[in-house]
1. Within segment 444-451, identify whether any single residue is over 20 Å from Pro420 (Cα atoms), aromatic (Phe, Trp, Tyr) and open to solvent by 10 Å² or more (accessible area, probe 1.4 Å), and answer yes or no.
2. Of the conditions (1) polar (S, T, N, Q); (2) part of a helix (DSSP H, G or I); (3) open to solvent by 20 Å² or more (accessible area, probe 1.4 Å), Asn2 satisfies every one except a single condition; which number is it?
3. In the set Ala63, Ala54, Ala92, which member is out of contact with any helix residue (DSSP H, G or I) (no Cβ under 9 Å at 6 or more places or on another chain), farther than 22 Å from Arg234 by Cα, aliphatic (A, V, I, L, M) and open to solvent by 30 Å² or more (accessible area, probe 1.4 Å)?
4. If you go through segment 213-226 one residue at a time, do you hit one that is in contact with a helix residue (DSSP H, G or I) (Cβ under 8 Å, 6 or more places away or on another chain), within 24 Å of Gly77 (Cα to Cα) and either hydroxyl-bearing (Ser, Thr, Tyr) or open to solvent by less than 50 Å² (accessible area, probe 1.4 Å) (or both)?
5. Would it be correct to say that Arg471 is modelled with pLDDT of 95 or more and loosely packed, with under 15 Cβ neighbours inside 10 Å?
6. Within segment 179-197, take every residue that is of a type in the set (Ser, Thr, Tyr) and part of a loop (DSSP other than H, G, I, E, B) and give me the one that is most open to solvent (accessible area, probe 1.4 Å).
7. Can you name the number of the only condition in (1) open to solvent by 50 Å² or more (accessible area, probe 1.4 Å); (2) acidic (Asp, Glu); (3) touching a strand residue (DSSP E or B) at 6+ places or on another chain (Cβ under 9 Å) that Asp44 fails?
8. Assess whether Leu122 counts as being open to solvent by 50 Å² or more (accessible area, probe 1.4 Å), of a type in the set (A, V, I, L, M, F, W, C) and either at negative phi or at pLDDT 95 or above (or both).
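The values are calculated or read from the model by the stated rules, or taken from the named source; none is laboratory data. The structure displayed is predicted, hence computed values, not measured ones. Cβ: placed from backbone, ideal geometry, glycine included. Neighbour counts: every protein chain shown. Side chains included, ligands, DNA and RNA excluded: accessible areas come from the protein's heavy atoms. Shrake-Rupley method; radii C 1.70, N 1.55, O 1.52, S 1.80 Å.
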Amino acid sequence: MNKVRVRFAPSPTGPLHIGGARTALFNWLFAKKNGGTFVLRSEDTDRERSSREAEEAIMRDLAWLGITWDEGVDVGGPRGPYRQSERLDTYARFTKRLLEDGLAYQCFCSEEELAQQRREMLAHGETPRYLGRCRSLTPEDRERLLAEGRKPVVRFRVPGGKKIVVNDLVHGQVVFASEEIGDFIIVKSDGVPTYNFAAVIDDHLMGITHVIRGEEHLSNTPRQILLYQALGWREPQFAHIPLILDEDRTKMSKRKGDVAVEEYRRRGYLPEAIVNFLALLGWSPEGEEEIFSLDELVERFSLERVSRSPAVFNTGKLKWLNAHYIKASSNERLLDLALPHLRAAGYVKGNPGPEERAWLLKVVSSVKESLTEVGEIAGHVDFYFAGEVKPEDAKTRQILQEEQVPAVFAAAEEHIDALPELTPEAVRAELRRLTKELGLTGRKVYMPLRVALTGRAHGPELYQVIAILGRQKVKERLAAALAGRA
């Protein structure tokens, strides 16, 4: 087998979405597994919607995920240029060749005429396709239509009675009949090539050996194979990976804002969680293991274990994976990720100095076990920053009315004051002594203290909360809680 060369070729008309990110990942894993080359190409021929800003955002998100490229729009390479908008002369050369060989022709049919044709075919229960109205135009006909100001498209002349076989590495052999295709457009009236034509030329000239892409492109493949054959080129191997369905098993829509990688990044998902999750969307490793690093994925990945069945986007599983990687992250990293959210909540201003940062590290550490997204942190730590706290509901208010509460609070203050240093370990040991000394259950001691200090019945470990709040705030909140009983 020739050295593996694969490509990811997004259209830079918007952000990188989950489906595109998975396609890029599968291509990258396949290249790395086989010692191959990963090419990043920009299919930017949509002049109205494409932008360099979107192109840069896609590259930024790929790099954030750890997906790097060997050749591409920014790093160059021997098979460039890597933007389709910079390759129009190349496409024009091959368009001319197909026209001269009689394998393509100019079509002057208007949109209205084509729409009427589609309606008539649908009315007769036929699959809409172009019926070749302009196939046999004479040179005089073409000159007359051009003189009328009509701007033609270029259509590929699909041979009749031909079976097109796709030997797909995921779906196996898939057969298409040429009669079902119809002569398709390869160059639009503005001279810009269509996806099918440009992709074939680029993939051939860039030496792409394997085209790994979403299943929605399977219907494009017979058209591309016909173009490879017409141009006398060997086609690459195709692998169409399964669709991604939403949790209601409908096709995931790019119009939903939360399928953009940048949105997950903003909400505090870690790149290793996204990569791990994407790898399991349509690919299954041997065994039951589900946690994989990038290096482990490279070692384990194979197209043979890519499923033909659609993959369901399971938000719960993504959150579970992200929570796993949050727990495994250092407090320093989590604080850096959390700072934008803490600033947005008004808890932190600017860049914290060494003392504030050291305190914030303790705050982050106390809640990291509870987070599924770093963006949730403001709701978990609000009580640390509050001037005062109140019980969150009637149930927690009732806890503060229990008869043992004044004695617990008085003893707690005494024990905390007696500690030479307010560390979590020291506080934990002192609370145990306090509970034993009072002859109460842990719930009778810990729950009212928690409600007084945080306003809620659940949250970080109480010994961490006390150590982070400090003696003065603890005393103030215990006093406020007692005053609130009256």
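1. Keep residues of segment 444-451 that are over 20 Å from Pro420 (Cα atoms), which gives 444-451.
Now narrow it down to the ones that are aromatic (Phe, Trp, Tyr): 446.
So of that shortlist, the ones also open to solvent by 10 Å² or more (accessible area, probe 1.4 Å) come out as 446.
Yes, there is a match, as at least one residue in segment 444-451 is over 20 Å from Pro420 (Cα atoms), aromatic (Phe, Trp, Tyr) and open to solvent by 10 Å² or more (accessible area, probe 1.4 Å).
2. Going through (1) polar (S, T, N, Q); (2) part of a helix (DSSP H, G or I); (3) open to solvent by 20 Å² or more (accessible area, probe 1.4 Å) one by one, Asn2 breaks only (2).
3. Selected residue: Ala63, the only one of Ala63, Ala54, Ala92 that is out of contact with any helix residue (DSSP H, G or I) (no Cβ under 9 Å at 6 or more places or on another chain), farther than 22 Å from Arg234 by Cα, aliphatic (A, V, I, L, M) and open to solvent by 30 Å² or more (accessible area, probe 1.4 Å).
4. Within segment 213-226 (the criterion being in contact with a helix residue (DSSP H, G or I) (Cβ under 8 Å, 6 or more places away or on another chain), within 24 Å of Gly77 (Cα to Cα) and either hydroxyl-bearing (Ser, Thr, Tyr) or open to solvent by less than 50 Å² (accessible area, probe 1.4 Å) (or both)), the answer is yes, since at least one residue qualifies.
5. Numbers: modelled with pLDDT of 95 or more: yes; loosely packed, with under 15 Cβ neighbours inside 10 Å: yes.
So Arg471 passes the test.
6. Ser189
7. If we test Asp44 against (1) open to solvent by 50 Å² or more (accessible area, probe 1.4 Å); (2) acidic (Asp, Glu); (3) touching a strand residue (DSSP E or B) at 6+ places or on another chain (Cβ under 9 Å), just (1) comes out false.
8. Here the answer is yes, as Leu122 does meet what is asked.
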